[in-house]
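The structure appears below as structure tokens.
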Amino acid sequence: MLPHPLTGELFDSPVPPGTGWPDDPADAGTPVARNSSDVVRLASRASSLAELAAEVSVCRACDRLVAWREEVAVGKRKSFADQPYWGRPIAGWGDPAPSLLIAGLAPAANGGNRTGRVFTGDRSGDWLFASLYRVGLANQPTSEHAGDGLRLIGARMIAAVRCAPPANKPTPDERDTCAPWFRAELAMVLPSVRAIVCLGKFGFDATLAGLQTVGYDVPRPRPRFGHAVEYPIDGPYGEVTVIGCFHPSQQNTFTGKLTEPMTDAIFTRALTLCS
Ligand code: SF4
């Protein structure tokens, strides 16, 4: 067992549910999805975001992703060798009644998979949360670990695939197996959501697919991803505007494809749509 970097409590890697990890939504009695049918069943009957988050966080439906997330959690990157790794799926996080939703691809193997919070503990997250803080959507500019006091203001983050995939590439089967969790969360928060910022093409396409399955009038042919593209889409809870944003990966930020002013402009625009 190793000490949590903030609380000093000792944890195994992966972290068993309900053992005291900050913001762990599950406990030892949370039902575990072991295949795609279980995901469909549990996601469709979840009656609250808290129940959904708990069930997502213990899911074991994708053999390859479960093996990978746990292998990374045990092996650890050298620079984090003294830390316990969460090693479980990453639930949606943020305001339970958001006006802005931020949709990404999947957690990073040594970021969310280590810290237990989406976009937390890696360079992409550093970039993203600094921007959210600058425009007033977060109460602090960094996101280092679950339990660090960070709060999103009127915003929530969700990933299309909830486990870290090898090479950041889930298979189509894995994407489809995880989709009911994504759709269930979308359906629960959409009544308050006015804008969705999609980080990268994968998150953009998953969001459109999710909106369609919960009754939104997604145009055909499907809108195409691009940076700063905007698509207003009508649905059962009114209009929501889907906005594309280049993913804040190091590949994009180091090369200048995505700059800080570009990122801030996306969230400033989203805030305008939400006000
Ligand atoms: Fe479950 Fe999704 Fe992780 Fe697959 S990717 S094991 S469906 S949480």
Q) Any idea what log10 I(q)/I(0) is at q = 0.26, 0.27, 0.28 Å⁻¹ for region 1-59, Debye with uniform C-alpha scatterers and no solvent? A) -1.01, -1.06, -1.11
Q: Between Gly244, Gly235, Gly94, find the one with the highest GNM mean-square fluctuation for the chain; connect C-alpha pairs within less than 10 Å.
A: Gly235
(Q) If I model region 54-126 as equal point scatterers sitting on the Cα atoms and use the Debye formula, what is log10 I(q)/I(0) at q = 0.25 Å⁻¹? (A) -1.20
Q. Percent relative contact order of the chain, based on C-alpha pairs within less than 8 angstrom and at least six residues apart?
A. 18 percent
Q. For the chain, what is the calculated [θ] at 222 nm in deg cm²/dmol (nearest 500), taking -39500 (n - 2.57) for each run of four or more DSSP H residues and dividing by its residue count?
A. -11000 deg cm²/dmol
**Q.** Whole-Å distance, taken between Cα centres, linking region 140-198 and region 59-121
**A.** 11 Å
Q.
Give the lysines reachable from Lys76 as a straight Cα distance under 25 Å; neighbours fewer than 8 places away on the same chain don't count.
A. Lys169
Q: Relative to the longest principal axis of the C-alpha atoms of the chain, give the angle of the C-alpha long axis of helix 63-75, reported between 0 and 90° and rounded to the nearest 10°.
A: 60 degrees
Q.
As I understand it, the value is the acute angle between the Cα axis of helix 36-45 and the longest principal axis of the Cα atoms of the chain; what does it come to in degrees, rounded to 10?
A. 70 degrees
Q | Diffusion constant of region 1-149 at 20 °C, which comes from Stokes-Einstein with the Kirkwood Cα-pair radius and 1.002 mPa s, µm²/s | A | 135 µm²/s
Q) Can you pull the accessible area of Thr177 for me, 1.4 Å probe, Å² to the nearest 10? A) 30 Å²
Q. Can you give the % of DSSP beta bridges in the chain that are antiparallel, to the nearest 5?
A. 45 percent
Q | Size of electric dipole in the chain: Cβ of Lys, Arg +1 and of Asp, Glu -1, about Cα centre, debye, nearest 20 | A | 600 debye
**Q.** Dipole of the chain [Lys/Arg +1, Asp/Glu -1 at C-beta], most positive-end residue of Pro5, Ile90, Cys245
**A.** Cys245
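For region 2-274, compute Rh as the Kirkwood radius over C-alpha pairs and then the Stokes-Einstein diffusion coefficient at 10 °C and 1.306 mPa s; write the answer in µm²/s, rounded to an integer.
Values: Rh = 18.5 Å.
Rounded, D is 86 µm²/s.
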Q | Lys/Arg +1, Asp/Glu -1 at C-beta; region 2-274 dipole; positive extreme among Tyr231, Val161, Ala270 | A | Tyr231
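The values are calculated or read from the model by the stated rules, or taken from the named source; none is laboratory data. Every value quoted in this text rests on a predicted model; they were computed, and no experiment measured them. Cβ coordinates were reconstructed from backbone atoms using ideal geometry, including for glycine residues, and neighbour counts include every protein chain displayed. Protein only, heavy atoms only, side chains kept; ligands, DNA and RNA dropped before computing areas. Shrake-Rupley method; radii C 1.70, N 1.55, O 1.52, S 1.80 Å.
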